[in-house]
Amino acid sequence: MSVKDHVEVKQSEIDGAGRGLFARQDFSPGALVASVDRPLVAELEINHMLDTCGWCFQRAAVDPLEREQAASMGLPSAFIEVKSCTGCRRVGYCSKTCQSKGWKREHKHECKVLVDRPDLPVHVRAVVKLLGRLKAASAGSEKQQLLEILQFRPAVREEDLDCIRKQNKQKFDEHNTLAQAAWNYAGKPVFDGANSQTVSTGLLFNLIHNTVELSSALDNVRVGSGFDPLICSANHSCEPNAVLIFNQPSVALRALRPIKKGEEILLAYTDVTCPFAIRQANLTEEFSFTCQCPKCKRGLDIPEIPEEAFAKRPEDLPAAYHTFADRLIQESQTALPKFLLGRDGANVHVKRLVALEMAAFAVSQTDEPMDHEVRDALQRCINSGMWSWTRQPVPQLCHHLFRIYLTGGEIYKAFRLGCKIFFEIDPALHPQTFYPDRLVFAWVLSTLTNVLAGPVYEELYKELAQSGLELRVIYFGFLFYVYDNIPKMHGWESPLGKVVDNTYKQIMAGVGLSRTEIEGKVERFWPNLEIYARSVDVIKLCESSDDDHLS
């Protein structure tokens, strides 16, 4: 039985939902639930069309410094070269094989369209290619699979389109304009038995509301978005039982907890560690629906649940923050109500706290916020005493700050903050040790630790060793953590799996000790590292420099 036979598509059990994906067998945590070799639709983001292969989605490091760093870590991006299509010069491929596959399946339908035009939006490019494929396809499985996209919501039901129109007419009209543009760019094709303009509109609306994010696990970069009828039949829940893994170019669903035969497969379309109001706002904005999962039905009825609980009561907000919060309230009369969902909007203390929350999320949910914005938002949350380290958006802000330190070359600051995230923050948000974000983060931490254990940081290495932190041993702790959990998520055939496997084998071949012997050493130093991690003062870290070492 193939992996696709492990699941089936039928009517969802969720009120108001359409299709759903269901298990045809039991799955244990980490088990492969479903997979496809490549999504039916896979589109690169505009800023990655020339540094990422248009077929396999492997990214090349084009900046010389990034390429040098990637080579030192054995990352594929250091050795991949993406060459532009000679026809349009707008899409690149890493090999003749990928170029041939891309051309035969889809690029031939867009190549001339891209020439001498401004960059087209992602979903417009996708619809142009789909219209071309539909026109070229004879009646059969390929055409049937392409038309299956139209069986998704919102396009399959007129009332769903009306709902989007009522929620945001401007966005609805913009989508129609994009669909018309895609139809024009595709040459106004004619189909047997179908109005191609209606098809174009249905394709665009369904892609916008059903595509999944495609990110490179090796460097945590979003490179595009994709759609596949099988994978995208899985509905959303804020209590998901599965997670999506992109292995460039394959896509897999992995179980997060035990799944019983007949149970519906559910994914998280948004960050479910966020509070109720933020989740609902994000889902309405991006997917045009209101979540009715058990977690959301509880709403704020259980205020002590981690996503909702503040460290103190709203009325305990220090007076020093009242003026700033009141100004935010005045400036955000339109936006504030969605953040007050389920809360007492008449209570000035609640409104002040929610205003601060809204301002912090405005920073944390930005793709690339400014350094000072991240520091200011994080300091405001922690210094107010209202947020714990595991209550959003503090974790999101910490991850932003970590990337800022990493890209800025502040290796030791990144290591200190990274340890706090690894031991104190991420396990509270995602209890599964094999959760993909935790695996990727542990891999980055292993690399940082290896750098700090090198000759450039010899003085720091000695200082940490005197404090009970033997970095060369700690490196193996992170490496073993990733190596042992890779089979439950990305697998050994993924780009990340191959890098981890090669690194593990090379390192183990050169140490002269058995894994059992090394594990004994790790067990001795690991508790020291956790104590160290939990003692890191992130606020002081924001104000220090890498030269401060152990201060």
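The values are calculated or read from the model by the stated rules, or taken from the named source; none is laboratory data. Not measured: the values here are computed from a predicted model. As a convention, Cβ positions derive from the backbone with ideal geometry for all residues, glycine included, and neighbour counts pool all protein chains shown. Protein only, heavy atoms only, side chains kept; ligands, DNA and RNA dropped before computing areas. Shrake-Rupley method; radii C 1.70, N 1.55, O 1.52, S 1.80 Å.
Just to compare against my own numbers: the Cα pair-distance distribution for the chain, 10 Å bins, whole % per bin, please.
Result, from short to long distances: 3, 16, 25, 27, 20, 8, 2, 0 percent.
Quote the charge dipole size of the chain about the Cα centre in Debye, to the nearest 20; the model charges only the Cβ of Lys and Arg (+1) and of Asp and Glu (-1).
Values: 63 positive and 70 negative charges, 324 e Å.
Dipole magnitude for the chain comes out near 1560 debye.
Just to be sure I follow: if Rg is taken over the C-alpha atoms of the stretch 394-475 and Rh is the Kirkwood radius over the same atoms, what is Rg/Rh?
Dividing the radius of gyration by the Kirkwood radius yields 0.98.
At a Förster distance of 45 Å, what's the computed FRET efficiency of residue 326 paired with residue 78, Cβ-Cβ distance as r, to 0.05?
Result of the calculation: an efficiency of 0.30.
Can you give me the solvent accessible area of residue 380 with a 1.4 Å probe, rounded to the nearest 10 Å²?
Roughly 70 Å² of residue 380 is accessible to a 1.4 Å probe.
Counting only helical runs of four or more DSSP H residues, what would the 222 nm mean residue ellipticity of the chain come to if each run contributes -39,500 (n - 2.57) and the total is spread over all its residues? Could the numbers behind the result be given before it?
Working: 23 runs with 261 residues, N = 551.
The per-residue figure over the chain is -14500 deg cm²/dmol.
At a Förster radius of 41 Å, what calculated FRET efficiency corresponds to the Cβ-Cβ distance of residue 524 and residue 312, to the nearest 0.05? Please report the intermediate quantities before stating the final value.
Details: r = 39 Å, r/R0 = 0.94.
Step by step, r from the Cβ atoms, then E = 0.60.
So what J values fall out for the stretch 393-398 if you push phi through Karplus, 6.51 cos²θ - 1.76 cosθ + 1.60 with θ = phi - 60°, rounded to Hz, Gly and Pro as x?
x, 4, x, 4, 5, 5
Assuming 0.36 nm per residue, please report the length gained on full extension of the stretch residue 534 to residue 15 beyond their Cα-Cα distance.
182.5 nm
Take the cross-link list 108/188; 462/498; 129/188; 112/188 and give me the ones stretching past 22 Å between alpha-carbons.
462/498
Heavy atoms only, 1.4 Å probe, whole protein assembly: order 46, 531, 474 by accessible area, highest first.
531, 46, 474
Could you state the per residue volume, in Å³, of the convex hull enclosing the Cα atoms of the stretch 1-156?
184
Taking N as the number of residues in the stretch 93-153, what is its alpha-carbon radius of gyration divided by 2.2 N^0.38 Å?
1.23
Ordering 482, 440 by how much accessible area each has at a 1.4 Å probe, largest first, what is the list?
Values: 482 0, 440 25 Å².
Largest accessible area first, the list is 440, 482.
Over the stretch 350-420, average the accessible area per residue using a 1.4 Å probe and give it in Å², no decimals.
32
If you average the C-alpha positions of the stretch 216-250 and of the stretch 414-471 separately, how far apart do those two centres end up, in angstrom?
27
Projecting each Cα onto the charge dipole of the chain (Lys/Arg +1, Asp/Glu -1 at the beta carbon, about the Cα centre), which of 225, 306, 503 comes out farthest on the positive side?
In the chain, that residue is 225.
Quick one: length gained pulling residue 24 to residue 119 fully straight, 0.36 nm per residue minus the C-alpha distance?
The residue 24-residue 119 span can extend by a further 29.9 nm.
What is the distance, in nm, between label points placed 7 Å from the Cα along the Cα-to-Cβ direction at residue 191 and at residue 514?
Inter-label distance under the simple model: 6.3 nm.
Rounded to the nearest 10 Å², what accessible area does residue 45 have for a 1.4 Å probe in the complete protein model?
Accessible area, nearest 10 Å²: 40 Å².
Considering only protein heavy atoms, with the full assembly of protein chains and a 1.4 angstrom probe, order 372, 107, 430 by accessible area, largest first.
Accessible-area ranking of 372, 107, 430, largest first: 372, 430, 107.
Report the one residue of 492, 274, 22 whose Cα lies farthest in the direction of the positive end of the charge dipole of the chain (charges on C-beta: Lys and Arg +1, Asp and Glu -1; origin at the Cα centre).
After comparing all options, I get 22.
Go through the stretch 461-476 residue by residue and turn each phi into a ³J(HN,Hα) via Karplus (6.51, -1.76, 1.60, θ = phi - 60°); whole Hz please, and just put x for glycine and proline.
Result, rounded to whole Hz: 4, 5, 4, 5, 4, 5, 8, x, 10, 8, 4, 5, 6, 4, 3, 5.
Would you work out which of 53, 95, 79 lies farthest towards the positive end of the dipole of the stretch 1-99, given +1 charges on the beta-carbon of Lys and Arg and -1 on that of Asp and Glu, about the Cα centre?
Selected residue: 95.
With a Förster radius of 22 Å, plug the Cβ-Cβ distance of residue 367 and residue 284 into 1/(1 + (r/R0)^6) and report the FRET value to the nearest 0.05.
That gives a FRET efficiency of 0.65.
Taking amide H positions as placed in the peptide plane 1.01 Å from N, state which residues far from residue 30 in sequence (5 or more) or on other chains have amide H under 5 Å from it.
255, 256, 257
How do 323-333, 49-59 rank on mean C-beta neighbours within 10 Å, highest first?
Ranking the peptides 323-333, 49-59 by packing returns 49-59, 323-333.
Report ³J(HN,Hα) in whole Hz for each residue of the stretch 88-95, in order, from the Karplus equation J = 6.51 cos²θ - 1.76 cosθ + 1.60 where θ = phi - 60°; Gly and Pro get x.
Values per residue, Gly and Pro as x: 9, 6, 10, 10, x, 9, 8, 7 Hz.
Run the reach check for residue 171 against lysines, Cα to Cα strictly under 19 Å, same-chain hits fewer than 8 apart removed. What comes back?
Partners within reach: 338.
To the nearest 20 debye, what is the magnitude of the charge dipole of the stretch 307-350 about its Cα centre, counting +1 on the Cβ of each Lys and Arg and -1 on the Cβ of each Asp and Glu?
60
Full extension from residue 501 to residue 150: what is 0.36 nm times the residue separation minus their Cα-Cα distance, to one decimal in nm? Don't skip to the answer; put the middle values down first.
Working: separation 351, 0.36 × 351 = 126.36 nm, distance 4.11 nm.
My answer for the length gained is 122.3 nm.
For residue 159, tell me the accessible area in Å² from a 1.4 Å probe, rounded to the nearest 10.
For residue 159, the solvent-accessible surface is approximately 100 Å².
Ignoring ligands, DNA and RNA, what percent of the 1.4 Å accessible area of the chain is carbon and sulfur?
That fraction is 51 percent.
Would you work out the charge dipole size for the stretch 267-329 about its Cα centre, treating the Cβ of every Lys and Arg as +1 and the Cβ of every Asp and Glu as -1, and quote it to the nearest 20 debye?
Result for the stretch 267-329 is approximately 100 debye, rounded to the nearest 20.
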